[in-house]
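Participant: Below is the structure I would like to discuss, written out as structure tokens.
The values are calculated or read from the model by the stated rules, or taken from the named source; none is laboratory data. Given the structure is predicted, the values throughout are model-derived calculations rather than measurements. All Cβ positions, glycine included, derive from the backbone under ideal geometry; neighbour counts span all protein chains shown. Surface areas here come from the heavy atoms of the whole protein model, side chains and all, with no ligands, DNA or RNA. Shrake-Rupley method; radii C 1.70, N 1.55, O 1.52, S 1.80 Å.
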Amino acid sequence: MTALTILLVLVLLLVVFGLLFRLQILTSIFSGTFTRDIGMSNSVNAILMLVFLVFGGAWFAYSFVENFNKMNPPIASIHGHQMERMFWTTMAVIGVAFAITQTLLFVYSYKYQHKEGRRAYFFAHNNKIEVIWTVIPAIVMAALIFAGWKAWTRITGPAPKNSVVVEVMGKQFNWLVRYPGRDMKLGVINYRMIDAVNEWGFDLSDKSALDDFTTNEIHVPKGVPVLIKIRSRDVLHAVYMPHFRVQMYAVPGMPTRFWFTPTISTDEMRAKLGNPKFNYELACNQVCGGSHFAMKATVIVDEPDDYQNWYAAQQSFSAKNPEVMAALKQKAKTLVNPVVAQPEVEAAPMPLAASN
């Protein structure tokens, strides 16, 4: 308690001395005897502005070149090349504007540093300048937005009829994956039937669900369109596959979708990178909880024949769990007006930002 009292007294003394010093300055100003000595500090700060501009710019350039490959993994999808061009076009426009404005900011800070006897020129308004810095950015931004809108509507619109359908569902903290069976239709799921075994909530009142199967990893064929149907079972997640330039939110209560065509198989990418252990990855890039880091799934791009062999070897969930399926079927009969999430009702929300 004594130490706290002493500390408070010292703070109050500092405040009093500060006020007395301030009062002395104000008295000098009103009496006309106050002069402010700029000294060398102003010139030093102006020079440091230029130093920061040069060395900061050089460090940024070095860091960008050094980490470029880490930021830009090889593209393994058809639409990825268009997304890449659009991304770097946007970055070039923003980069040029940033370089010009920051250079002017630091150069002007040096050039127009305080000097005795020099006064700044002031003008209240200039219509010509206002038009230039309003119309030009508006035209550039409109062009970028239009290009992005065209690309976005294409990759979130109806997928080709021959697309392979895969549904993924994010939950804390892993990804669930299911495929349609021989009928090529995903069955209806019912959230009221979810338990430790039936994590999807298969509803056996829908015959299309009988041949659906689940896997721990995602297999897709090379050169064939793939439609990813996306759900979330709890909080906001995001499907992020950087090599395919795929990112889409997994939103609770609102199914989303994204389709792409892989162009490089897993074996081909391993050979290209010289890394026999490489695998494509599905990761969640939205912080969704304490174990967010664990939300990863392996994506394997097979040659078409290998994919067909893998697909034919899969066993349906109902076949692998006959006793559980029987219990669930009995449970389904006892439900009154179950609330069903239809996979056909889907939406495609815009992402928060472009991803690379």
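Participant: Is it true that residue 177 is β-branched (Val, Ile, Thr), under 25 Å from the mean Cα position of the chain (by Cα) and closer than 30 Å to residue 199 by Cβ? Can you show your working first?
Facilitator: On the way: β-branched (Val, Ile, Thr): yes; under 25 Å from the mean Cα position of the chain (by Cα): yes; closer than 30 Å to residue 199 by Cβ: yes.
The answer is yes for residue 177.
Participant: Going through the stretch 142-175 one residue at a time, which ones are open to solvent by 20 Å² or more (accessible area, probe 1.4 Å), small (Gly, Ala, Ser) and closer than 10 Å to residue 258 by Cα?
Facilitator: Within the stretch 142-175, just 159 meets the criteria.
Participant: Name every residue in the stretch 87-123 that is surrounded by 13 or more Cβ atoms within 10 Å (Cβ to Cβ) and not in a helix (DSSP H, G or I), in order of residue number.
Facilitator: Selection gives 113 alone.
Participant: Among the listed residues 256, 334, 263, which satisfies the condition of being open to solvent by 40 Å² or more (accessible area, probe 1.4 Å), on the phi < 0 side of the Ramachandran plot, of a type in the set (Ser, Thr, Tyr) and modelled with pLDDT of 90 or more?
Facilitator: Numbers: 256 fails: open to solvent by 40 Å² or more (accessible area, probe 1.4 Å); 334 fails: modelled with pLDDT of 90 or more.
Among 256, 334, 263, only 263 is open to solvent by 40 Å² or more (accessible area, probe 1.4 Å), on the phi < 0 side of the Ramachandran plot, of a type in the set (Ser, Thr, Tyr) and modelled with pLDDT of 90 or more.
Participant: Exactly one of these conditions fails for residue 184: (1) touching a residue at least 40 places away in the same chain (Cβ under 8 Å); (2) at positive phi. Give me its number.
Facilitator: (1)
Participant: Counting only residues that are in contact with a helix residue (DSSP H, G or I) (Cβ under 9 Å, 6 or more places away or on another chain), surrounded by fewer than 20 Cβ atoms within 10 Å (Cβ to Cβ) and more than 17 Å from residue 327 (Cβ to Cβ), how many does the stretch 201-213 have?
Facilitator: Number satisfying all stated conditions: 1.
Participant: For the stretch 63-82, which residues satisfy the criterion of being more than 19 Å from residue 281 (Cα to Cα), in a helix (DSSP H, G or I) and free of Cβ contacts under 8 Å to residues at least 24 places away in the same chain? Can you show your working first?
Facilitator: First, the residues of the stretch 63-82 that are more than 19 Å from residue 281 (Cα to Cα): 63-68, 82.
Now restrict to residues that are in a helix (DSSP H, G or I): 63-66, 68, 82.
Within the stretch 63-82, 63, 64, 65, 66, 68 meet the criteria.
Participant: Looking at residue 140, is it under 29 Å from the mean Cα position of the chain (by Cα) and under 30 Å from residue 112 (Cβ atoms)?
Facilitator: Values: under 29 Å from the mean Cα position of the chain (by Cα): yes; under 30 Å from residue 112 (Cβ atoms): yes.
So residue 140 fits the description; yes.
Participant: Out of 323, 346, report the one residue that is over 25 Å from residue 238 (Cβ atoms) and either modelled with pLDDT of 95 or more or not aliphatic (A, V, I, L, M) (or both).
Facilitator: Working: 346 fails: over 25 Å from residue 238 (Cβ atoms).
None of the other options fit; the residue is 323.
Participant: Separate question: Taking the conditions exactly as written (open to solvent by less than 30 Å² (accessible area, probe 1.4 Å), farther than 20 Å from residue 313 by Cα and free of Cβ contacts under 8 Å to residues at least 60 places away in the same chain), does residue 241 satisfy them or not? Spell out the reasoning first.
Facilitator: On the way: open to solvent by less than 30 Å² (accessible area, probe 1.4 Å): yes; farther than 20 Å from residue 313 by Cα: yes; free of Cβ contacts under 8 Å to residues at least 60 places away in the same chain: yes.
So residue 241 fits the description; yes.
Participant: Just need a number here: residues in the stretch 47-99 that are among the aromatic types (Phe, Trp, Tyr) and within 20 Å of the chain's Cα centre (by Cα). Give the steps one after another, and end with the answer.
Facilitator: Taking the stretch 47-99 first, the residues among the aromatic types (Phe, Trp, Tyr) are 52, 55, 59-60, 62, 64, 68, 87-88, 98.
Narrowing the set further to residues that are within 20 Å of the chain's Cα centre (by Cα) leaves 64, 68, 87-88.
Going through the stretch 47-99 one residue at a time, the tally reaches 4.
Participant: To continue, here is another question. Which is among the β-branched types (Val, Ile, Thr) and under 30 Å from residue 268 (Cα atoms), of 194, 145, 139, 218? Reasoning before the result, please.
Facilitator: Values: 194 fails: under 30 Å from residue 268 (Cα atoms); 145 fails: under 30 Å from residue 268 (Cα atoms); 139 fails: under 30 Å from residue 268 (Cα atoms).
It is 218.
Participant: So, residue 306, is that one acidic (Asp, Glu), at pLDDT 85 or above and open to solvent by less than 30 Å² (accessible area, probe 1.4 Å) or not? Quick ask: steps written out before the conclusion?
Facilitator: Details: acidic (Asp, Glu): yes; at pLDDT 85 or above: yes; open to solvent by less than 30 Å² (accessible area, probe 1.4 Å): no.
Taking the combined requirement at face value, the residue does not satisfy it.
Participant: Further question: Restricting to the stretch 224-234, count the residues that are out of contact with any Pro (no Cβ under 7 Å at 6 or more places or on another chain) and open to solvent by 20 Å² or more (accessible area, probe 1.4 Å). Step through it out loud before you land on a result.
Facilitator: So in the stretch 224-234, the residues out of contact with any Pro (no Cβ under 7 Å at 6 or more places or on another chain) come out as 227-228, 233.
The next check asks that each one be open to solvent by 20 Å² or more (accessible area, probe 1.4 Å); those that pass are 233.
The number of residues fulfilling the criteria is 1.
Participant: Sticking with this structure for a sec: Would you say residue 192 is within 23 Å of residue 78 (Cα to Cα) and either open to solvent by 30 Å² or more (accessible area, probe 1.4 Å) or of a type in the set (Gly, Ala, Ser) (or both)?
Facilitator: Numbers: within 23 Å of residue 78 (Cα to Cα): no; either open to solvent by 30 Å² or more (accessible area, probe 1.4 Å) or of a type in the set (Gly, Ala, Ser) (or both): yes.
For residue 192, the condition - within 23 Å of residue 78 (Cα to Cα) and either open to solvent by 30 Å² or more (accessible area, probe 1.4 Å) or of a type in the set (Gly, Ala, Ser) (or both) - is not met.
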